[in-house]
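K.L.:
Dropping a structure here in structure tokens format, bear with me for questions.
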Amino acid sequence: MNLKAALSPENVARACADAMWAEDDASKGLGMEIVEIGPGFATLAMTVRPDMVNGQRIAHGGFIFTLADSAFAFACNSHNDRVVAAQGQITFIKPGRLGDRLVARAREVTRGGRSGIYDVRVTAGDTVIAEFRGHSRVIAGTWLPTQEPQDK
């Protein structure tokens, strides 16, 4: 049975996110949570903790980038292909602050062959904190089985 064909695209995205989340120690370790997942999109959130602020006493850009990158990863892995980042670029717009709940919303811009482009907006409430663009590359493998194993 082809599991991907038997599931709706939304259920495939959720099942892929569950499989990926189980192995994602970095996102879990930073206190991220998956807020929403679907085919080609993902929303993750993270609260800025004291160990995430820099010498300016604002959210360290590396943590903001990591949140955006994680949302990007869940969005581009939502189609049951194993996908990695080929490139990521971020523009910081406003500072995040200690205690802010940062929300990263990733959406698929285009996907074809082995490549994709995804945009991620990071916000704190109604304030845009950063804009991220990621380029993805499909690698070997899937998150979900694509057919039943053959008896040998």
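The values are calculated or read from the model by the stated rules, or taken from the named source; none is laboratory data. If you're wondering where the values come from, they're calculated on a predicted model, not measured in any experiment. Positions of Cβ are backbone-derived with ideal geometry, glycine not excepted, and every protein chain shown enters the neighbour counts. Heavy atoms of the whole protein, side chains included, go into the accessibility calculation; ligands, DNA and RNA do not. Shrake-Rupley method; radii C 1.70, N 1.55, O 1.52, S 1.80 Å.
K.L.:
Which percent of the accessible area of the chain is formed by carbon and sulfur heavy atoms (probe 1.4 angstrom)?
P.N.:
The C+S portion of the solvent-accessible surface of the chain is 50 percent.
K.L.:
Something else about it: Taking the Cα of Ser115, stepping 7 Å toward and past its beta carbon, and measuring to each backbone N in segment 61-105: which are under 13 Å?
P.N.:
Output list for this probe position: 86-87.
K.L.:
Still on this structure, I have one more. Keeping every protein chain present and rolling a 1.4 Å probe, give me the accessible area per residue for segment 8-152 in Å².
P.N.:
Working: 7620 Å² over 145 residues.
Counting only protein heavy atoms, the per-residue value for segment 8-152 is 53 Å².
K.L.:
Another one. What trypsin sites (Lys or Arg not before Pro) in segment 1-91 are in a loop by DSSP, with at most 11 other Cβ atoms within 10 Å of the Cβ?
P.N.:
Arg57
K.L.:
As an exercise, use a Förster radius of 35 Å and the Cβ-Cβ distance of Ala22 and Gln89 to find the FRET efficiency, rounded to the nearest 0.05.
P.N.:
Efficiency computed from Cβ-Cβ geometry: 0.75.
K.L.:
Take segment 26-129, drop everything but the C-alpha atoms, weight them equally and run the Debye formula without solvent; then report log10 I(q)/I(0) at 0.15, 0.20, 0.21, 0.24 Å⁻¹ to two decimals.
P.N.:
Here log10 of I(q) over I(0) equals -0.57, -0.96, -1.04, -1.29.
K.L.:
While we're here: Within 13 Å, Cβ to Cβ, of Thr91, how many net charges do the neighbouring residues add up to if Lys/Arg are +1 and Asp/Glu are -1?
P.N.:
+1
K.L.:
Can you compute the FRET efficiency between Asn11 and Asp126 using 1/(1 + (r/R0)^6), with r the Cβ-Cβ distance and R0 = 35 Å? Round to the nearest 0.05.
P.N.:
For Asn11 and Asp126, the calculated efficiency is 0.65.
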